[in-house]
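Heads up: the structure comes next, in structure tokens.
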Amino acid sequence: MKKNWWQDKFNLFMVAVAFFTFLFMTAAVGTLMIKGLPQIGKALAAPEIQFAIRLSLYTSLISTAFCIVIAIPVAYVLARVDIPMKSLFNTLLDLPLALPPVVSGLCLLIIFGTTAFGAWLEGIGLPFVFTVKGIIMAQIFVNIPFMIRVMKSTILSVNPRLEFIARTLGCTPAQAFWKITLPLSKNGIIAGIVTTWARALGEFGAALMLAGATRFRTETLPISLFLNMSTGDLEGAMAAANLLIIISIISLYIFNKFGGDFIGGTRGV
Amino acid sequence: MIRFADVSIKLGDFSLKNVNLEIKEGEFFTILGPTGTGKTVILELIAGLYRPDAGKIFINGADAENIPPERRKIGFVYQDYALFPHLNVYKNIAFGPQLGKIPSPIIKERVKDLADMLGIAHLLERFPGTLSGGEQQRVSLARAFIMKPRILLLDEPFGALDPNTKRMLCRELKKMYLQYQCTVIHVTHDFSEAGMLADRIGIILEGRVRQVGGSREVFENPLDQKVASFLGAEPLKTVFAG
Ligand SMILES: Nc1ncnc2c1ncn2[C@@H]1O[C@H](COP(=O)(O)OP(=O)(O)OP(=O)(O)O)[C@@H](O)[C@H]1O
Ligand SMILES: [Mg+2]
């Protein structure tokens, strides 16, 4: 007869580790939610939280839109076009993903705050240092490698022969991309948008460095959490945190729904 | 007319070496060879997916190098049919005509005619993922035929079919070929299919074209030992019995 898992010491040990990990994660998030959720109604009425929600939504939607518009062409190049030194590009584009966000933020602060290029941008009406535009810039910089990665693997999962068949039926390369590759990447695009958006909402380190933490000015939800913590307002911090948790759970759900099954074959050229 | 002049290409570990081949206007030419010898690559070279590393391909006398795939007037039926999974059967077939300025009632009519002819009229609303291999294959044929291509490339078009369906579709295909008067280049590793359809046969082994000739001639007089042993897998009689 087949042994049950608890009768085998090795499996018992592995299951125990898995169980306690799960238990601790649930307990940590759960406690915050249990303590914070009852107050969330009151918190939502506070003008400061309302401002933070609005600013978070505004900046994250704009940065996500930029991410998708930039990531699709870049991902297409990495997936389909034979350019020299591709692996170098791959590594460089992934760099912000590996950097601690505060370092990314400092990079941005240096280029926008201390160079002629930054001064020039400010002159044409694009100031990034300590501004809302800076929050958007920080979110884009931190998230774009992630979006590029998702889009690249999505495009790679579309059978390139489908594009080619479309060409033989009369499509120009651009038409083949619009009519075949892009629609077949739909699920990946949705998954990418949702996760990028959720990450943008939670972006803290880089935005803090570039845009600062000023109440009612550059106060997004995570910045609000930080400001409330530093002034000892635990309730306000927990309200912001709970909103972020709820958003994360929803985005995780959507990502799992769309991220798992990209359509299109995988026979690669 | 299609001419390969000393064409070579290297793809990964595989290389196609010094292919010289001439396919005449209006001919039904069959490329016969074992798996992994570059049959599909030859079709893809003709259709313009790859450029040769060396040598030239001429299509009706013009150097194909400067003709992008969308202007080669080539219909391609892939081995795995390569239907667009996000479009239903109707939209798959109508894909090419819908790119142009053809009014949609005319497209509709042409799709219907072809679908009737191929026995897939009842499938027009379905999506490729829900079709059987044989059904997908007919849709793929219809999608290529509707463009009235001057050159039709068929990559093992009957690979997934049972012998009876295969024989029937072979006959239909031959009929359509005679009606449309295009040049057909057909790839298979099935000798009986080659015997049934081909005007001429090219034998390709390990990335080289070993022999080209009339279909009877190739089976009766294999050029060398390698061709003979490849063809020898099946006795001559069965090939022309059908
Ligand atoms: N883009 C590519 N990159 C690398 N290798 C390739 C590429 N395309 C084809 N090949 C290789 O070239 C060889 C010939 O491929 P091809 O598809 O032409 O074979 P085939 O003769 O059509 O075989 P089959 O009868 O199984 O379809 C194979 O080994 C294949 O793996
Ligand atoms: Mg093949």
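At the listed q of 0.18, 0.27 Å⁻¹, the Debye profile of the range B:81-144, built from one uniform point per Cα, gives log10 I(q)/I(0) equal to -0.55, -1.20. The 3J(HN,Hα) values that the Karplus relation (6.51, -1.76, 1.60; θ = phi - 60°) gives for the range A:231-248 are, in residue order, 9, x, 8, 5, 4, x, 4, 5, 5, 4, 4, 5, 4, 5, 5, 4, 4, 4 Hz. Gly and Pro appear as x. The mean number of Cβ atoms from other chains found within 10 Å of a Cβ in peptide A:156-168 is 6, as a whole number.
The Rg/Rh ratio of the range A:34-158, with Rg taken over Cα atoms and Rh as the Kirkwood radius over Cα pairs, comes to 1.08.
Per the Debye calculation on the range A:14-57 with a single equal scatterer at every Cα and no solvent contribution, log₁₀ I(q)/I(0) for q = 0.13 Å⁻¹ amounts to -0.48.
Rolling a 1.4 Å probe across all protein chains gives residue A:247 an accessible area of roughly 40 Å². Peptide B:62-72 shows a mean partner chain C-beta count of 3 within 10 Å per residue C-beta. Gyration tensor analysis over the Cα atoms of the protein assembly as shown returns equivalent ellipsoid semi-axes of 59, 27, 23 Å (largest first, whole Å).
For chain B, the extents of the C-alpha atoms along the principal axes are 55, 43, 32 Å, listed from largest to smallest. Spatial offset of the range A:138-190 relative to the range B:121-157 amounts to 24 Å, using the alpha carbon center of each.
Over the protein assembly as shown, DSSP H runs of length four or greater, each weighted -39,500 (n - 2.57), average out per residue to a 222 nm ellipticity of -18500 deg cm²/dmol. For the range A:42-264, the Cα-based Rg and Dmax, in that order, read 19.5, 66 Å. Summed over both chains, the contact between A and B buries some 2000 Å² of accessible surface at a probe radius of 1.4 Å.
Between B:156, B:135, B:70, the residue with the greatest mean-square fluctuation in the GNM of chain B (Cα pairs under 10 Å linked by springs) is B:70.
Inverting the pair-averaged 1/r between distinct Cα atoms of the range A:180-248 gives 13.5 Å as its Kirkwood hydrodynamic radius.
With all protein chains in place and a 1.4 Å probe, the accessible surface of the range A:52-171 carries 76 percent carbon and sulfur.
Geometric descriptor of the range A:76-149, per residue, is 114 Å³ (volume of the convex hull of the Cα atoms). If you sort B:186, B:122, B:86 by accessible surface, 1.4 Å probe, largest first, the order is B:122, B:86, B:186.
Please give the FRET efficiency for residue A:98 paired with residue B:108, using the beta carbon to beta carbon distance and R0 = 45 Å, rounded to the nearest 0.05. The value I calculate is 0.25.
Stokes-Einstein, applied to the Kirkwood radius of the range A:1-89 over Cα pairs at a viscosity of 0.692 mPa s and 37 °C, places its translational diffusion at 172 µm² s⁻¹. Rounded to the nearest Hz, the phi-derived 3J(HN,Hα) couplings of the range A:220-229 under the Karplus curve 6.51 cos²θ - 1.76 cosθ + 1.60 (θ = phi - 60°) are 8, 4, x, 5, 4, 4, 5, 5, 5, 4, where x marks glycine and proline. Computing the accessible area with a 1.4 Å probe over protein heavy atoms, can you report the carbon and sulfur percentage for the range B:63-108? Solvent-exposed carbon and sulfur of the range B:63-108 make up 54 percent of the total.
Once the 1.4 Å probe is applied to the protein heavy atoms, the protein assembly as shown comes out at 49 Å² accessible per residue. Here the ratio of the Cα radius of gyration of the range B:1-50 to 2.2 N^0.38 Å is 1.14.
The order of A:172, A:91, A:59, B:40 by accessible area, most exposed first and with a 1.4 Å probe, is A:91, A:172, B:40, A:59.
Peptides A:123-129, B:49-55, ordered by how many other C-beta atoms sit within 10 Å of their residues on average, highest first, read B:49-55, A:123-129. If you sort A:217, B:72, B:208 by accessible surface, 1.4 Å probe, largest first, the order is A:217, B:208, B:72. A probe of 1.4 angstrom, applied to the heavy atoms of all protein chains, finds residue B:176 with accessible area near 10 square angstrom. Start at zero, step by 5 Å, and the Cα-Cα distances of the range A:148-209 spread as 4, 18, 20, 17, 13, 10, 7, 6, 4, 2, 0 percent across the bins.
For the peptide B:139-146, the mean number of other protein chain Cβ atoms found within 10 angstrom of a residue's Cβ is 1.
Of interest is the spacing of the C-alpha centroids, which for the range B:1-80 and the range B:162-228 amounts to 16 Å.
Each of A:131, A:141, A:195 was placed along the dipole of the range A:42-264 (beta-carbon charges, centred on the mean Cα), and the one lying farthest toward the positive end is A:195. Using a Gaussian network model of chain A with C-alpha springs under 10 Å, which one of A:222, A:183, A:96 is most mobile by mean-square fluctuation? Among A:222, A:183, A:96, the largest GNM mean-square fluctuation belongs to A:183.
The values are calculated or read from the model by the stated rules, or taken from the named source; none is laboratory data. Since the model is a prediction, treat every value here as computed from it, not as a measurement. Because the Cβ atoms are built from the backbone with ideal geometry, glycine has one as well, and the counts that use them run over all protein chains shown. Each accessible area value is taken on the protein alone, full model and side chains, heavy atoms only, with ligands, DNA and RNA left out. Shrake-Rupley method; radii C 1.70, N 1.55, O 1.52, S 1.80 Å.
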